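These notes concern the structure reproduced below.
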Amino acid sequence: MLIGIPKEIKNGENRVALTPRGARQLVASGHTILIETQAGICSGYTDTHYRKSGAKITSSKRDLFRRAELIVKVKEPEPEEYFLLQDNQILFTFLHLADHRALTKTLLKKNITAFGYELVETPEGHLPLLSSMSEIAGKLSVIIGANYLRRDWGGRGILLSEIEEKPEGHITILGAGTVGLSALKIAHGLGCHVNIIDIDVKKLRKIHLHYRKQVHTFLSRPSTIKRLLPETNLLIGAVHIKGRKTERLVTKRMVQMMRPGSVIVDVAIDQGGCVASSRVTTIQDPVFLYHGVTHFCVPNIPSLVCLTATKALTDQTLPYIQKIARWGWPGVIEHEKNLLKGLYTADGKILHPGLRLDKGKRKREMKMD
């Protein structure tokens, strides 16, 4: 199969969908790899690296899309790439279609078989292609938030770390999945006063037993969030609903309860965000103020550490790319059941139930992968 790896054009996206090592393995399996020139340069991989791996380089994005049977990306196609997609092509990337209606319509119109990394799921409910990126985003969320609390960056001048063994900064984390737990590890290591909120009692009990009195666990209720926000210096949105738009757990009025100079890092922004005042920002222009509260709402946080993220992503996606390239659609589903739940669209139809649900029928969940 001819596999196309285009250069990412999303604002600030520095990752590439395949490392030279991954390209070498696919070529060894008999596939042709066509990579857009300079696609890996920000992650430290030159065209020469890819050529030595057996890949072919093209300077034409249009030619790459026209020839490729399988397009492998990091992030969803941008609007200027929609017209490049070919009828009956296979697309494998992060998609988060719950917040991308125009792209969904394009995929249906062109009969694209679209697999979303974020939905590929094991029988145990694990999301293997999302977990490493969620871990990176969770850990970075605390580091980013800590910086924006600095006075010279517009913050209150709060140091999150403990001073003389006394917690100074207060962090509230919404969601106890991979993002939330990864943020918790960093926050706890800094010696912060940490609150973590979830709807899963078992998760909260496990956290309590592990951290004891050093971390405060709460069931998700609006009254609880309201009570915690006035003392919260850094709020991290780590909520995720598989294949659906994220529920807004924090209203604008709740945000106004936070002190000026506080910070919100809404990691859930790639599916709409869990804070009502959030809106998508970019790595080049990452923050905005709402009632004096700094909001960081970048949907591709792992791109900030693109070399680490590219390696981690390829390690997870490569086995699935191999299987899609070997058996194609629909044969791959017979050989790799984990891909079935990752299937958004095929043959002009929506196949993921999350895209078919009316807003009023969505179940309230707060679950990270």
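Check region 270-288 and report whether any residue there is modelled with pLDDT under 95, in contact with a His (Cβ under 9 Å, 6 or more places away or on another chain) and assigned to a helix (DSSP H, G or I). Taking every residue of region 270-288 in turn, at least one turns out to be modelled with pLDDT under 95, in contact with a His (Cβ under 9 Å, 6 or more places away or on another chain) and assigned to a helix (DSSP H, G or I).
Could you grab me the full set of residues in region 113-154 that are part of a loop (DSSP other than H, G, I, E, B) and closer than 15 Å to Ile173 by Cα?
Residues of region 113-154 part of a loop (DSSP other than H, G, I, E, B): 120-127, 149-150, 154.
Residues satisfying the conditions do not exist here.
Looking only at region 318-327, decide whether some residue is farther than 28 Å from Glu231 by Cα and of a type in the set (S, T, N, Q).
yes
Filtered by the rule that a residue be within 16 Å of Glu76 (Cα to Cα), in contact (Cβ under 8 Å) with a residue 40 or more places away in the chain and among the charged types (D, E, K, R), region 92-142 gives Asp99, Glu118. Of the residues making up region 66-88, those that are closer than 15 Å to Leu34 by Cα and either assigned to a helix (DSSP H, G or I) or polar (S, T, N, Q) (or both) are Arg66, Arg67.
For region 289-315, the set of residues classified as of a type outside the set (A, V, I, L, M, F, W, C) and either assigned to a helix (DSSP H, G or I) or more than 14 Å from the chain's Cα centre (by Cα) (or both) consists of Tyr290, His291, Gly292, Thr294, His295, Pro302, Ser303, Thr308, Thr310, Lys311, Thr314, Asp315, listed by residue number.
The values are calculated or read from the model by the stated rules, or taken from the named source; none is laboratory data. As the structure is a computational prediction, the values presented were derived from the model and not from experiment. Cβ atoms come from the backbone with ideal geometry, glycine included; neighbour counts cover every protein chain shown.
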